Amino acid sequence: MPPSHAPGDPQLEEPAHARPSKTQLKKAMHELQDLGEALVELPPDRIAVLPLSETLHSAIAEWRRTRSHEGRRRQMQFIGKLMRGTDPEPIREAVAAMQLGSAKDALALHQAERWRAELITSDDALSDWATAHAGSDLQQLRSLVRAARKDAASAPEQRSGRAYRELFQFIKQAQAQEES
């Protein structure tokens, strides 16, 4: 006769926290699928340096060659499946670095646009620029601001926009030189 065990006997029952629930597993798989979608959006040169299996590299290349929506969807599911056997941390870091770089570029462009608008509308902005960017060519900047103001004052159909663009390029280059 087998010995009877009490319902709370730790030898027979597996602890509930020992293995993840089905919901947790599905959530982890969806996160890997999303990471795979972000991975295929990276430029090929960044993907080449990541520690990925040859199978995953070829699956990404196949996804890029596929043109049909359904084919891409199925290939993306396959990439998600392959991601389960890959360390996701280097991929997350590469995706985050790419997104951060894009955000920094966008921020720099917005700052350049703001400076251009301030320089065209206000004379005080030139002195603010001089204190913030001491190494820039102020004589050239004054000339570009004058030309942009003159262009902005003319009738809309007579505007060339050249001075406006040149002022923007000057500001962008000055900011880039300051960062490096």
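Where a number appears in this text, it was derived from the coordinates with a stated rule and is not lab data. Small disclaimer: the values here were computed from a predicted structure and weren't measured. Cβ placement follows ideal geometry from the backbone for every residue including glycine, while neighbour counts extend to all protein chains displayed.
Between 59, 69, 48, whose Cα lies farthest towards the positive end of the dipole of the stretch 22-86 when Lys and Arg beta carbons carry +1 and Asp and Glu beta carbons carry -1, centred on the Cα centre?
Highest projection toward the positive end goes to 69.
Treating cross-link reach as a plain straight distance, find the lysines whose alpha-carbon is under 18 Å from the alpha-carbon of residue 22, omitting any fewer than eight places away in the same chain.
81
Using only Cα atoms and rounding to the nearest 10 degrees, what angle (0 to 90) does helix 54-65 make with the longest principal axis of the chain?
For helix 54-65, the angle is close to 50 degrees.
For the charge dipole of the stretch 98-172, defined by +1 on Lys and Arg C-beta atoms and -1 on Asp and Glu C-beta atoms about the Cα centroid, which residue among 99, 171, 153 has the Cα displaced farthest towards the positive pole?
153
Quick check: from the Cα gyration tensor, does the stretch 105-179 come out rounded (a/c under 1.5), prolate or oblate?
Judged from the Cα gyration tensor, the stretch 105-179 comes out prolate (a/c at least 1.5, a/b above b/c).
Using the crude model of +1 on Lys and Arg Cβ and -1 on Asp and Glu Cβ, and no other charge, please compute the dipole size for the chain relative to its Cα centre, in debye to 20.
Its charge dipole is roughly 780 debye.
I need the semi-axes of the equivalent ellipsoid of the stretch 22-86: take the C-alpha gyration tensor, multiply each eigenvalue by 5, square-root it, list largest first in whole angstrom.
Those come to 19, 15, 10 Å.
Can you give the local net charge around residue 93? Use residues other than it whose beta-carbon is closer than 14 angstrom to its beta-carbon, Lys and Arg +1, Asp and Glu -1.
Net local charge, residue 93 excluded: 0.
What is the helix-to-structure angle for 22-40, meaning the angle in degrees between its Cα long axis and the longest Cα principal axis of the chain, kept from 0 to 90 and rounded to the nearest 10?
Helix 22-40 sits at roughly 40 degrees to that axis.
Report the Cα centroid-to-centroid distance between the stretch 82-99 and the stretch 15-81 in angstrom, as an integer.
That distance is 10 Å.
Quick check: the angle from helix 88-121's long axis to the longest principal axis of the chain, C-alpha only, nearest 10 degrees?
With both axes taken from Cα atoms, the answer is about 20 degrees.
Note down the net charge around residue 27, summing +1 for each Lys or Arg and -1 for each Asp or Glu among other residues with Cβ under 15 Å from its Cβ.
+2
How big is the Rg/Rh ratio for the chain, C-alpha atoms only, Rh by Kirkwood, two decimals?
Looking at the chain, the ratio lands at 1.31.
Please sort by residue number the trypsin sites (Lys or Arg not before Pro) in the stretch 21-110 whose DSSP state is loop and whose Cβ has at most 12 other Cβ atoms within 10 Å.
67, 84
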